[in-house]
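Scroll down for the structure; my scribbles are underneath it.
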Amino acid sequence: MVQEEALLEALRAGRIGGAALDVYPVQPLAPDHRLRALPNVLLTPHAAGLSREAVLRMSTGAAEAVVQILRGGRPRSLVNPEAWEASRARRRSLGHAEAATA
């Protein structure tokens, strides 16, 4: 998350060397947007990381996480670890078995 006006000002003044962005407040970025006129800005569509290989890795990783959770284990890439204990308590209340190693 950036403050767009502050970013534009910093880029114009040379306080930062450049910016690379792929997400914008309004998508797609308007053809006449001020960011497009700056030589020290790299702009890509939000889909820039959606190569075949990336989609395969994301899909495989998501499927592996689901299997790990269904087995009662903690997923490898847990984003909000503070929710883990609440999740385990919910599983117990529903009668789901605990994993041997979580």
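The values are calculated or read from the model by the stated rules, or taken from the named source; none is laboratory data. For clarity, every value in this text was computed on a predicted model and none was experimentally measured. So basically every Cβ, Gly included, is an ideal-geometry build from the backbone, and we count neighbours across all protein chains shown. The area values use the complete protein model at the heavy-atom level, side chains included, leaving out ligands, DNA and RNA. Shrake-Rupley method; radii C 1.70, N 1.55, O 1.52, S 1.80 Å.
Some observations on this one:
- Heavy atoms of SER77: accessible area, 1.4 Å probe, square angstrom to 10: 100
- Trypsin sites (Lys or Arg not before Pro), loop per DSSP, at most 11 other Cβ atoms within 10 Å - longest free stretch of the chain: 16-75
- Around GLY49: net Lys/Arg minus Asp/Glu count, Cβ-Cβ under 11 Å: -1
- Crossing angle, helix 84-93 versus the chain [Cα axis fit, 0-90 degrees, rounded to tens]: 40
- Point-to-point label distance, ALA10-LEU43, nm (Cα→Cβ direction, 7 Å offset): 1.9
- Within the shell of other residues whose beta carbon sits under 14 angstrom from the beta carbon of SER87, the net charge comes to +3, with Lys and Arg scored +1 and Asp and Glu -1.
- Computed Rg/Rh of the chain, alpha carbon atoms with Kirkwood Rh: 1.21
- Within the listed set GLU85, GLU64, GLU53, the residue fluctuating most in the Gaussian network model of the chain (springs between alpha-carbon atoms under 10 angstrom) is GLU85.
- Efficiency of FRET from Cβ geometry, LEU56 and ARG88, R₀ 30 Å, rounded to 0.05: 0.45
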